[in-house]
1. Could you list, in sequence order, the residues of the range 23-75 that are among the β-branched types (Val, Ile, Thr) and within 21 Å of Leu187 (Cβ to Cβ)?
2. What's the total number of residues in the range 258-268 that are touching a helix residue (DSSP H, G or I) at 6+ places or on another chain (Cβ under 9 Å), at pLDDT 95 or above and either farther than 15 Å from Lys140 by Cβ or open to solvent by 20 Å² or more (accessible area, probe 1.4 Å) (or both)?
3. I'd like to verify a number: residues in the range 192-249 that are among the hydroxyl-bearing types (Ser, Thr, Tyr) and closer than 19 Å to Glu260 by Cα, how many?
4. If you take the residues in the range 178-217 that are acidic (Asp, Glu) and part of a loop (DSSP other than H, G, I, E, B), which one is farthest from Asp112 (Cα to Cα)?
5. Could you grab me the full set of residues in the range 236-257 that are part of a helix (DSSP H, G or I) and open to solvent by 20 Å² or more (accessible area, probe 1.4 Å)?
6. Pull out all pairs, ordered by first then second residue, where Cβ-Cβ is under 9 Å, the residues are six or more apart or on different chains, the first lies in the range 191-209 and is under 18 Å from Phe279 (Cα atoms) and free of Cβ contacts under 8 Å to residues at least 60 places away in the same chain, and the second is in a helix (DSSP H, G or I) and open to solvent by 90 Å² or more (accessible area, probe 1.4 Å).
7. In a loop (DSSP other than H, G, I, E, B), farther than 19 Å from Leu209 by Cα and at pLDDT below 70: which single residue out of Ala95, Ala130 fits that description?
8. How many residues are open to solvent by 10 Å² or more (accessible area, probe 1.4 Å) and in a strand (DSSP E or B) if we restrict to the range 218-228?
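The values are calculated or read from the model by the stated rules, or taken from the named source; none is laboratory data. Predicted model only: the values in this text are computed from it and were never measured. Here the Cβ is made from the backbone with ideal geometry for all residues, glycine too, and neighbour counts use every protein chain on show. Please note that ligands, DNA and RNA were not included when accessible areas were found on the heavy atoms of the full protein model with its side chains. Shrake-Rupley method; radii C 1.70, N 1.55, O 1.52, S 1.80 Å.
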Amino acid sequence: MQLIQYRESDGTRHVAMLKEGGAAVRLNNIVSTYDLARDAIARGISLAHAAEQAAGDAVDPDAIAAEGRFLAPIDHPDPAHCLMTGTGLTHLGSAEGRNKMHQAAAGGQMTDSMRMFNMGLEGGRPADGATGAQPEWFYKGDGSCLVAPGAPLTSPDFALDGSEEPEIAGIYIIDDAGRPRRLGFALGNEFSDHVTERGNYLWLAHSKLRQAALGPELLLGDLPDDIRGTSRIVRDGETLWEKPFLSGEANMSHSLRNLEHHHFKYDLFRRPGDVHVHFFGTATLSFADNVTTQEGDIFEVEAAPFTLPVRNPLARAAAPAPDQIEVLSL
């Protein structure tokens, strides 16, 4: 089962449930996935059960998509309480492109990226209940950086690059007792600045402070072990670059539980009421194939069991006014 959030033509918010075969029904008296999840937790039932209990009239997802009325499948009433984060070097093959970026700076020696990747290979999939190797971790931003389906992914004016990263994101809410509750998964584009990262691996944190996009669907239940999708860039109506990508635990050096553990072990990330969008990484980048993106390019990411793609054009922000830091005097 999948959930979608959307707006009606009059601007009112709704949540709908997608069923097998493409049928969709609106959920009565539910205006956000966040509200539905909070209600399910309060009543001690699953998110799927809560959705089924609220099922109402049929809706047309194709019309919603055609009219650009999809919202991201999760958000928070206060965007500052939606945290976007991620992990890297988590997929088999994911170190190759990163290692090439940093090899010159390492003087031909094994890079820190490759060391981190090898740590994941050796200890990223611990036995049940055990703690495995720590992955690379990064912060992307808060809910204000989450772009709606179809909306532009906008690079800041100072960015050196704006490129796609096709990924799966885990979606979580923290309950009133401070326990993370996984709501499901979304297909995403963890948009990044790879030229900045290539300049110095210590600039990874800078390169990740960018917007990100999710597809319209929140997939409930477990993530399939083997996910096979396609990532492409369309320019002027023609496919500029296209490549398959793999995800799911069968194609990863870390288990999802290990990645979740090393994120939520921090008290800061177990604040009641917060939403977390946590990207699990990728091994497929157009940048690794020497593609240079430009404004107007359209990023497309698709993968079953998600039925709707992640599709966003690339834009660039105008230069802001010069920084004016004022001293607050007594």
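1. Thr33, Val59, Ile64, Ile74
2. The total comes to 0.
3. Qualifying residue count, the range 192-249: 1.
4. Step by step, filter the range 178-217, then rank; the result is Glu190.
5. Result: Glu249, Ala250, Asn251, Arg257.
6. Asp193/Trp203; Asp193/His206; Ser207/Arg198
7. None of the others qualify; the one that does is Ala130.
8. 2
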